[in-house]
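To keep things clear, I will list the structure first and then write my remarks on it.
The values are calculated or read from the model by the stated rules, or taken from the named source; none is laboratory data. All values derive from a computational prediction rather than experimental measurement. So basically every Cβ, Gly included, is an ideal-geometry build from the backbone, and we count neighbours across all protein chains shown.
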């Protein structure tokens, strides 16, 4: 069956612009997670959804970052007024029970 | 102190070697433990969950020592295809955020 998909796969933007990243989880997976991986670094947790609500937003680095999920399905991560330090691969994962399955990520480059 | 710490390596071993990776975690309340594998410029993929009783999957053996807050991964008879970064991962509660170590890089050569 289809895995987690993310779009776009690559995004280059100018500093100060807003970007939206999309995640389509595996059908039926109730939990959805966003992580960030900067070059040469480990994955950092950003936010997770159980259904459409976000019980844990503790990893969002600033109020420029927000995320929503609708229909217990698609999620979008929005970064406003992007900064160069936002450059990273943004990974989405979904799970039904304990195992998280990752999408291929969106590589964001902020010039 | 990072919540999950690993030796970054790299570990360079010949085919057929046995190699062991270690990891420590700082939060004694952690409940779930995993090893993930990440190939270059790819997403992480679950290699195996880790249980207190220890578990084995083919050439891979994982151990958890809750008292020492220590997790290990043993790879026997290394293959070229085992070359990757191995991520030690913990979770404070099942189904919640995963906390990743920075990874240990393994390079297997012929």
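Check residue A:81 against each of (1) closer than 14 Å to residue A:30 by Cα; (2) loosely packed, with under 14 Cβ neighbours inside 10 Å and name the one condition it does not meet.
(1)
I'd like to check something: does the range B:31-53 contain any residue that is more than 28 Å from residue A:31 (Cβ to Cβ) and in contact with a strand residue (DSSP E or B) (Cβ under 9 Å, 6 or more places away or on another chain)?
no
From the list B:84, B:20, which residue is in contact (Cβ under 8 Å) with a residue 24 or more places away in the chain and within 30 Å of residue A:5 (Cβ to Cβ)?
Just one listed residue meets the conditions, B:84.
If residue A:30 passes every condition in (1) touching a strand residue (DSSP E or B) at 6+ places or on another chain (Cβ under 9 Å); (2) under 27 Å from residue B:102 (Cβ atoms); (3) modelled with pLDDT under 95 but one, which one does it miss?
Exception for residue A:30: condition (2).
Please go through the range A:85-98 and give me each residue that is within 27 Å of residue B:94 (Cβ to Cβ) and exposed (fewer than 14 other Cβ atoms within 10 Å of the Cβ), ordered by number.
A:97, the sole residue that qualifies.
Name the pairs: first residue in the range A:4-29 and on the phi > 0 side of the Ramachandran plot, second residue modelled with pLDDT of 95 or more and surrounded by 15 or more Cβ atoms within 10 Å (Cβ to Cβ), Cβ to Cβ under 8 Å, at least 6 apart or on different chains?
A:16/A:82
Just a yes or no: is a residue in the range A:95-111 part of a loop (DSSP other than H, G, I, E, B), under 14 Å from the mean Cα position of the chain (by Cα), modelled with pLDDT under 95 and at the interface with chain B (Cβ under 8 Å from one of its Cβ atoms)?
yes
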